[in-house]
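Here the structure comes first, spelled out in structure tokens, and everything after it is commentary.
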Amino acid sequence: MDNLLINYIKLLRPIPDDDGKIIAGHFTHKAFREGEFLIQPNKIAREMFFVTNGVIRIGSINDKGIELTHYFYNEKRFVSIIQSFNDEIPTAAFIQAVCNAEVLSIAKSKLLDLYKELPYMKDLIEQQNQLHMIEKVNTRNSYLGEEAETRYKLFVTQYPDIAPRVPLKDIASYLGITQQSLSRIRKNMR
């Protein structure tokens, strides 16, 4: 688990082996079953996660009580609800495992300690979070104005490693269509 994180960081910049040990020592391995929450709605996001296996989603519940999926994150991604994490305020959003998942978790206090020990980690993690958010916004923007079938085809093309591991209800929610419509689209594509 730690090796995946360290190897990922080494792809972004060279680091000494001792730094790898320091980084790994700040993270804790956690496993979640499908449907379990990493961060509950209306709570403060006190941890940041690095996904090592599985898929997790950020979502929320609208005024009508309907679950909405905002983003999916798979392996080699840092994820948290950044505003809540940074400002220590409750968030309406949640983070949930959409299939069995394993993550490396770091509490904010430990992350700040890591930044003090290895200052380059702050820029590295913030840059990765920013790049992933830009990727997510660009992906969502590509769906604007498209028919439901086209949005689904784009999703499968853009996320071929996520699509087969995620329940249809979550994909439908992400695409802004009903599960029944998505089932019909998939049937017509066969």
With the structure loaded, tell me whether LYS136 is touching a His at 6+ places or on another chain (Cβ under 9 Å), charged (D, E, K, R) and farther than 21 Å from HIS26 by Cα or whether it fails that test.
yes
Selection from segment 134-190 of residues of a type in the set (S, T, N, Q) and either touching a helix residue (DSSP H, G or I) at 6+ places or on another chain (Cβ under 7 Å) or over 26 Å from ASN100 (Cβ atoms) (or both) yields ASN138, THR139, ASN141, SER142, THR150, GLN158, THR178, GLN179, GLN180, SER181, SER183, ASN188
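This table checks each residue for (1) under 29 Å from ILE171 (Cα atoms); (2) of a type in the set (A, V, I, L, M); (3) in contact with a Leu (Cβ under 9 Å, 6 or more places away or on another chain).
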| site | (1), (2), (3) |
| --- | --- |
| LEU104 | yes, yes, yes |
| ALA107 | no, yes, no |
| LEU114 | no, yes, no |
| GLU117 | no, no, no |
| TYR120 | no, no, no |
| GLU126 | yes, no, no |
| GLN130 | yes, no, no |
Quick one: count up the residues across segment 141-162 that are surrounded by 13 or more Cβ atoms within 10 Å (Cβ to Cβ), part of a helix (DSSP H, G or I) and not β-branched (Val, Ile, Thr).
10
Applying the selection to segment 4-17, what residues are of a type outside the set (A, V, I, L, M), under 23 Å from GLU126 (Cβ atoms) and open to solvent by 70 Å² or more (accessible area, probe 1.4 Å)?
ASN7, LYS10, ARG13, PRO14, PRO16
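Residue-wise test of (1) part of a loop (DSSP other than H, G, I, E, B); (2) out of contact with any Gly (no Cβ under 6 Å at 6 or more places or on another chain); (3) surrounded by 14 or more Cβ atoms within 10 Å (Cβ to Cβ).
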position: LYS21; (1), (2), (3): no, yes, no
position: ALA31; (1), (2), (3): no, yes, yes
position: GLY35; (1), (2), (3): yes, yes, no
position: GLY59; (1), (2), (3): no, yes, yes
position: GLY65; (1), (2), (3): yes, yes, no
position: PHE72; (1), (2), (3): no, yes, yes
position: LYS76; (1), (2), (3): yes, yes, yes
State which residue pairs qualify: first residue farther than 18 Å from SER105 by Cβ and open to solvent by less than 60 Å² (accessible area, probe 1.4 Å) and inside segment 116-140, second residue at pLDDT 90 or above and not in a helix (DSSP H, G or I) in any location, beta carbons under 6 Å apart, and separation of 6 or more residues or different chains.
LYS136/TYR71
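The values are calculated or read from the model by the stated rules, or taken from the named source; none is laboratory data. Remember, it's a predicted structure, so these values are computed and weren't measured experimentally. Note that we place each Cβ from the backbone using ideal geometry, even for glycine, and neighbour counts take in every protein chain shown. What goes into the accessible areas is simple: the full protein's heavy atoms, side chains included, and nothing from ligands, DNA or RNA. Shrake-Rupley method; radii C 1.70, N 1.55, O 1.52, S 1.80 Å.
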